[in-house]
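Working notes for the structure below.
The values are calculated or read from the model by the stated rules, or taken from the named source; none is laboratory data. In this text, all values refer to a predicted model and were calculated from it rather than measured experimentally. Neighbour counts run over all protein chains shown; Cβ positions are idealised from the backbone, glycine included. Side chains are part of the model used for accessible areas, which takes the heavy atoms of the whole protein and leaves out ligands, DNA and RNA. Shrake-Rupley method; radii C 1.70, N 1.55, O 1.52, S 1.80 Å.
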Amino acid sequence: SSLSIGLALALAPLAAQGCRDQENVTQRANGLEITGSQPSVQTFTCGQSGLLLRVDVDVRHWVSGVVTPLTINVLATDAGGVPTNQVLATEQLQPSDIPTNGYAFVPVRLTQPLAVFPSLVLGLELTVPTTTARAYAWSGDAPGLYAGGTTFIRRNVGPLSFDMGFRTFVGTSA
């Protein structure tokens with residue numbers, strides 16, 4: 001019927017955008033500085049099956065004049081939920097994409113969406129080149145209240161009793 005065709009057409013953009021799966025909203029009173037010597041990882045547990053299409057990170061410029069992009073990696077984790085060195089997806093935000101006056105959720109669309117399923121634990125890593133002394137901050141709370149993951153520094157220091165601000169979106173098509 002025309003109603004079902006119209007409904008399918010109306011819902012198609014939602015499938016491509018995805019539905020919010022996981023989220024941690026912080027108080028925005030604290031955070032971790034992302035530097036060349038301190039990349040940070042927030043692990044999360046997927047709650048839906050489908051494709052991980054987008055992540056939002058709650059970030060800001062920490063110092064003025066930053067010209068290096070912020071790299072966002074999606075990492076595999078081991079059986080204990082600890083991030084590994086296996087990068088499953090990587091994207092970049094340009095400095096102009098990141099707010100300078102306060103934290104905000106910045107969307108990061110994955111050019112190669114990842115197949116996910118409930119209980120899969122992944123890591124969301126923010127990093128800059130090792131030559132970057134100071135750049136960005138990622139909002140976080142200590143102690144963190146997100147039960148589906150935790151935070152690590154440099155992939156192997158942790159778990160910390162800290163949780164970073166993020167959102168994940170899962171859908172059926174890119």
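Some points to look at:
- Set G158, G140, G171: member being open to solvent by less than 20 Å² (accessible area, probe 1.4 Å) and more than 13 Å from the chain's Cα centre (by Cα): G171
- Test: residue in the stretch 41-52 that is open to solvent by 10 Å² or more (accessible area, probe 1.4 Å) and either acidic (D, E) or within 13 Å of the chain's Cα centre (by Cα) (or both): yes
- The listed residues are V74, V59, V63, and the only one of them that is on the phi < 0 side of the Ramachandran plot and assigned to a loop (DSSP other than H, G, I, E, B) turns out to be V63.
- Within the stretch 117-137, the residues that satisfy the criterion of being open to solvent by less than 10 Å² (accessible area, probe 1.4 Å) and more than 19 Å from V87 (Cα to Cα) are A135, Y136, A137.
- Residues that are among the polar types (S, T, N, Q) and either touching a helix residue (DSSP H, G or I) at 6+ places or on another chain (Cβ under 9 Å) or open to solvent by 20 Å² or more (accessible area, probe 1.4 Å) (or both), drawn from the stretch 57-78: S64, T68, T71, T77
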